[in-house]
Amino acid sequence: MIRIVIAEDQRLLLGALGALLDMEDDMEVVGQARNGQEVLQLVEQHQPDICIMDIEMPVMTGLDAAEVLKDTSCKVIVLTTFARSGYFERARKANVSGYLLKDSPSEELANSIRVILGGRKVYAPELIDMAYSEENPLTEREEQVIQLIAEGKNTKEIASQLYLTNGTVRNYVSTIMDKLHVSNRIEAVSRLKEKGWFK
């Protein structure tokens, strides 16, 4: 019997997924979580074969939880509505076994679980195309600057925290906006979130 834990913050979807997978002869849902932190507790408690997780959940995201589970025997499948190259890249680095989109047919999920337990990885085809067509254009330092902008820091505070001059920070901000094709800091932060490129 394939033992499964599911993490999804939308109750209706969580219940429906659990019911669908329980209908499979060779599968049993042993735990349901509403956030990444709960999922880690359930994995420890039940030692499932597979953990199916959404990405955007409260308390702890699915990608954060996947990174914690990276070196365990539990295989992780990300099931999300977000076909974002940054999320996919981070999921691959966390060694997830599957990355599927929620609009896939339900039988595809059950088949993917069996394929993954057979030792293969399963990624939605549209994500593979996207991963190769678009990468985060920002350097590590530019990412640090935009992260601080997202936290609400001004030029002076960023300069102080990163040991830079105000002018250098302004240059970084200008370069970031050029690379992301936006006209202000708020749009830059939004674009990075939309692409899933925030660490």
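The values are calculated or read from the model by the stated rules, or taken from the named source; none is laboratory data. This is a predicted model, so every value here is computed, not measured. Note that we place each Cβ from the backbone using ideal geometry, even for glycine, and neighbour counts take in every protein chain shown. Areas reflect the complete protein model, heavy atoms only, side chains present, ligands, DNA and RNA absent. Shrake-Rupley method; radii C 1.70, N 1.55, O 1.52, S 1.80 Å.
Please go through region 87-98 and give me each residue that is among the hydroxyl-bearing types (Ser, Thr, Tyr) and either in contact with a Lys or Arg (Cβ under 8 Å, 6 or more places away or on another chain) or on the phi > 0 side of the Ramachandran plot (or both), ordered by number. Residue satisfying the conditions is SER97 alone.
Tell me, which residue of region 63-84 that is of a type in the set (D, E, K, R) and touching a residue at least 40 places away in the same chain (Cβ under 8 Å) is nearest to PRO48 (Cα to Cα)?
The first filter runs over region 63-84 and keeps only residues of a type in the set (D, E, K, R), leaving 64, 67, 70-71, 75, 84.
Cutting the leftovers down to touching a residue at least 40 places away in the same chain (Cβ under 8 Å) gives us 75, 84.
Details: LYS75: 9, ARG84: 27 Å.
Only one residue tops the list, namely LYS75.
Checking the conditions here, which among ALA124, ALA110, ALA65 is open to solvent by less than 60 Å² (accessible area, probe 1.4 Å) and modelled with pLDDT under 85?
Working: ALA110 fails: modelled with pLDDT under 85; ALA65 fails: modelled with pLDDT under 85.
The unique qualifying residue is ALA124.
On inspection, VAL30 passes the criterion of being assigned to a strand (DSSP E or B) and either open to solvent by 10 Å² or more (accessible area, probe 1.4 Å) or of a type in the set (Asp, Glu) (or both).
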